[in-house]
Structures are given as C-alpha cells and as structure tokens.
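The values are calculated or read from the model by the stated rules, or taken from the named source; none is laboratory data. None of the values given here were measured: they were computed from a predicted structure. Using ideal geometry, Cβ is built from the backbone for each residue, glycine included, and neighbour counts are taken over all protein chains shown. The area values use the complete protein model at the heavy-atom level, side chains included, leaving out ligands, DNA and RNA. Shrake-Rupley method; radii C 1.70, N 1.55, O 1.52, S 1.80 Å.
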Amino acid sequence: MERKYHTLKDFYPYYLTEHSDPVCRATHYIGTTLLFVVVGASIYFGQAKILFLLPVVGYGFAWLGHFVFEKNKPATFQYPFYSLASDFIMYFHFLTGQITQKVADAKKTIAMQS
C-alpha cells in the first residue's frame, strides 16, 4: 500500500528518493533553470506570451528524466503542488551543494518508514 503524504515536510524525502538517478536530477535542474530564464526573458522583453513555454521546459525536462533515466512515474501526477515545491527545494539544495547529503538522508528516512 502506497503511503499518503499530508505535508511537504513528509513528502520531500519521498520526492528525493524518486530522484535517485543523478541524470534525472540533472534534467530537473536544466528544466528549472530554463524556467527562470523564460520568466526573466518575459519580464525583460515585456512579452507575457512566452510564458506558455513554462510547462514545456519545466515538465518536459523533468519527465524526460523520469521516463528515460529514473524509469518511474513523476510524483507530480499524484502530488502536483508538493512536487512543484519540492522541485524548487531540490534545486536550492543542488545550488548550495547539499543535494548528495539530502538524498542520502531521504533514503534513510524512507527506509525507516517501510
């Protein structure tokens, strides 16, 4: 039986274990970076219409990582808001050099819950 998550704090370790493959995480980082580029370009050029690219770059790269490298179903299908928030948290942990430790901690946490 699959565990249900009711808080972002409980969900995030699960989210990280669903992103164990470093290439999958890298595709997320690329997508998130491009998301910021699209928002910045939209503001800079005053062109709101390019914001239609947000789901393409955000989800496109993430889903590529899941279906091709991680070989699992994206958590966003079941937990869209927790997944979106977790993606930004994971991106922050990547940028600050904490991601390797956070993934290891998450694996321990999930193993203890099983």
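For this structure, a couple of remarks:
- Contact order relative to length of the chain, as percent, for alpha carbon pairs under 8 angstrom and 6 or more apart: 39 percent
- Residue-averaged [θ]222 nm for the chain, counting only DSSP H segments that reach four residues, each worth -39500 (n - 2.57): -22000 deg cm²/dmol
- In this simple spin-label approximation, residue 50 and residue 30 carry label points 7 Å from Cα along the Cα→Cβ vector, and these lie 2.0 nm apart.
- With both labels modelled 7 Å from their Cα along Cα-to-Cβ, the residue 101 to residue 3 distance reads 2.2 nm.
- Solvent-accessible area per residue, Å², over segment 3-114 with all protein chains present [probe radius 1.4 Å]: 60 Å²
- Sulfur and carbon atoms: percent of accessible area, the chain [1.4 Å]: 70 percent
- Summarising the label geometry, the points placed 7 Å from Cα in the beta-carbon direction at residue 71 and residue 92 lie 3.3 nm from one another.
- Cα centroid separation, segment 48-83 to segment 8-24 (Å): 14 Å
- For the chain, the longest principal axis of the Cα atoms and the long axis of helix 53-64 meet at an angle of about 30 degrees.
- Spatially near lysine pairs across the chain, Cα under 23 Å, sequence gap of 8 or more or different chains: 15
- Cα-centred dipole magnitude for the chain, charges only on beta-carbon of K, R (+1) and D, E (-1), debye, nearest 20: 100 debye
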